[in-house]
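Data first, discussion second: the structure below is written as structure tokens.
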Amino acid sequence: MPGKTSISEKNFTINGQHLYYRTVGSGSPLVLLHGYGVSGHVWERTLPYLAQQRQVFVVDLPGHGRSKFTRSWRLREVAPLLANWLQQLQLPPVALMGHSMGGAIAIHLAAYAPEIVERLVLVNAAGLPLQTKLPVLAVRSARSMLQPGGGSYPRSLVWDILRRPRLRLLWQAAQEMMSSDFHAELAKITIPTLIIWGERDILLPISLGEALSAALPHATFVRLPDCGHRPPLAQPQVFSRLVLEFLEG
């Protein structure tokens, strides 16, 4: 495994909205968007690999991790905020990777501001109707944390979750996710896209990944055997190799 890498912590504020993010590595920019209820530390085990070839931007989404949020949480308000942030950084077009809820936001961002995204990676991504009820989804989420191949949480991620409970935000975000449908945005995406899915995912089953692949016929769809909902945690080395090969291709 590559050695430790130096991480820089930064903050961005616009219109009263605060974003915390970290940067590591050098090269072309790669932006990572985490999923529901966690923080950017979900990518922790992949950073030593990804940062060997990319300048990686790890964002805590609004209301998650160290990014503060005081208003009502709206899924479709996140991508415009991130587009503003990336434009302010004056980066060249970025590679964008989103996991779970972060995948839905990545889809929206790639369609909303196509000039700033050159490649897209979707990992066990939301974005299509979940076709289930919230209590069922909550049970699936709990089971996915315990299943073989699910990937245990690093301490840094557990600390981010526990140190500042945000029950109101989590409830709002869950409601938003249940009703989200980004078919219209998917129809606009033509950039090279990689979809990675853990075959054992019980939170967002692989049938959703297949539906997402059908909505993006130009995308490459990769299944990870013996892997659940969190490939970056469960199989970081294999996962990072797939991502870097795609980005360099």
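Starting from the 7 Å offset along Cα-to-Cβ, what nm value, one decimal, do you get for the label separation of R71 and Q88?
1.4
How much area per residue is accessible in region 1-121 when the probe is 1.4 Å and only protein heavy atoms are counted (Å²)?
Accessible area per residue: 38 Å².
In terms of modelled amide H atoms, which long-range or inter-chain residues lie less than 5 Å from the amide H of D201?
Under 5 Å from the amide H of D201: I206.
Roughly speaking, what is the stretch gain from S28 to S6, that is 0.36 nm per residue apart minus the C-alpha to C-alpha distance, in nm to one decimal?
Working it through step by step, the gained length comes to 6.2 nm.
Pop out the ³J(HN,Hα) list for region 186-195 in order, Karplus 6.51 cos²θ - 1.76 cosθ + 1.60 with θ = phi - 60°, rounded to Hz; leave Gly and Pro as x.
4, 5, 8, 8, 10, 6, x, 9, 10, 10
Can you work out ³J(HN,Hα) from phi for every residue in region 17-34, in order, using Karplus 6.51 cos²θ - 1.76 cosθ + 1.60 and θ = phi - 60°, giving whole Hz and x for Gly and Pro?
Once rounded to whole Hz, the list reads 9, 10, 10, 9, 8, 10, 10, 8, x, 9, x, 5, x, 10, 9, 10, 10, 7.
What dipole magnitude, in Debye to the nearest 20, does the chain give about its Cα centre under +1 on Lys/Arg Cβ and -1 on Asp/Glu Cβ?
840
Step through the residues of region 44-55 one at a time and calculate ³J(HN,Hα) from phi using the Karplus curve (6.51 cos²θ - 1.76 cosθ + 1.60, θ = phi - 60°), rounding each to whole Hz and writing x for Gly and Pro.
Here the 3J(HN,Hα) series is 3, 6, 8, 4, x, 7, 4, 6, 5, 10, 9, 8 Hz.
Which far-off residues, 5 or more places away or on another chain, put their amide H under 5 Å from the one on V94, with H placed in the peptide plane?
Amide H neighbours of V94, under 5 Å, 5+ apart: V117, E118.
Take every DSSP beta bridge whose two residues both sit in the chain, then give the antiparallel share in percent to the nearest 5.
35
Select one label from [x] 7, 29, 36, 22, 6, 0; [y] 7, 32, 37, 19, 5, 0; [z] 7, 35, 41, 16, 0: the one whose number is P(r) over Cα pairs in 10 Å bins from 0, in percent as derived from the coordinates shown.
Answer by label: [z].
Tally up the carbon and sulfur contribution to the accessible surface of the chain as a whole percent, 1.4 Å probe, everything protein left in place.
53
The values are calculated or read from the model by the stated rules, or taken from the named source; none is laboratory data. Note that the structure is predicted; figures quoted are calculated from it, not measured. Glycine also receives a Cβ, built like all others from the backbone with ideal geometry; neighbour counts cover every protein chain displayed. Side chains are part of the model used for accessible areas, which takes the heavy atoms of the whole protein and leaves out ligands, DNA and RNA. Shrake-Rupley method; radii C 1.70, N 1.55, O 1.52, S 1.80 Å.
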